[in-house]
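Written out below as structure tokens is the structure these notes cover.
The values are calculated or read from the model by the stated rules, or taken from the named source; none is laboratory data. No experiment lies behind these values; they were computed from the predicted model shown. Using ideal geometry, Cβ is built from the backbone for each residue, glycine included, and neighbour counts are taken over all protein chains shown. Just so you know, the surface numbers come from the protein's heavy atoms only, side chains and all, with ligands and any DNA or RNA stripped out. Shrake-Rupley method; radii C 1.70, N 1.55, O 1.52, S 1.80 Å.
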Amino acid sequence: VQLQASGGGYVQAGGSLRLSCAASGRVFSSSIIGWFRQAPGQGREFVAATGPYFTNGVYADSARFTIARDNTKNFVTLQMNSLKPEDTGVYYCAARGLGITVVSRSASQYKYWGQGTEFTVSS
């Protein structure tokens, strides 16, 4: 399974950004897909996740973020609004693995990882 995140860059506080995760392989359509943030010098922090059968995502901050997936295109997006400087970091998309249907907020529970996309929120 290969995952590739994109959409990073620079944005001012209060702005919006949409990240995308493209995946290859059959695991995607039946797997939990999560987004994690890694700030400089920090570990990977859960942001959001969606499963193949979920109509709603699971979030660390549901008021500002929305996750969506398209299983026909092996694609997951993360829409982020009202961005804050503390949202700055490298964002990774990850997959738990084939047949696992329980969302986890722990990075160690995700088997497949993309290379990450970085963005900075300026104050």
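Given PHE75, PHE46, PHE36, which one is under 12 Å from the mean Cα position of the chain (by Cα), of a type in the set (A, V, I, L, M, F, W, C) and open to solvent by 40 Å² or more (accessible area, probe 1.4 Å)? Every option except PHE75 fails the conditions. Checked against the criterion of being more than 18 Å from GLY97 (Cβ to Cβ), in contact with a Phe, Trp or Tyr (Cβ under 6 Å, 6 or more places away or on another chain), open to solvent by 30 Å² or more (accessible area, probe 1.4 Å) and free of Cβ contacts under 8 Å to residues at least 60 places away in the same chain, the candidates ALA68, ALA60 yield just one match: ALA60.
Taking the stretch 81-109 as the range and being open to solvent by less than 20 Å² (accessible area, probe 1.4 Å), assigned to a loop (DSSP other than H, G, I, E, B) and modelled with pLDDT of 95 or more as the test, only LEU83 passes. The selection criterion, being surrounded by 14 or more Cβ atoms within 10 Å (Cβ to Cβ), under 20 Å from GLY14 (Cβ atoms) and modelled with pLDDT under 95, holds for PHE119. Return yes when ARG18 is closer than 14 Å to GLU118 by Cβ and either surrounded by 13 or more Cβ atoms within 10 Å (Cβ to Cβ) or in contact (Cβ under 8 Å) with a residue 12 or more places away in the chain (or both) and no when it is not. The answer is no for ARG18. Scan the stretch 93-112 for residues that are in contact with a Phe, Trp or Tyr (Cβ under 6 Å, 6 or more places away or on another chain) and either of a type in the set (Gly, Ala, Ser) or over 17 Å from SER29 (Cβ atoms) (or both) and the total you get is 4. Assess whether ASP61 counts as being modelled with pLDDT under 90 and out of contact with any Gly (no Cβ under 8 Å at 6 or more places or on another chain). Criteria met by ASP61.
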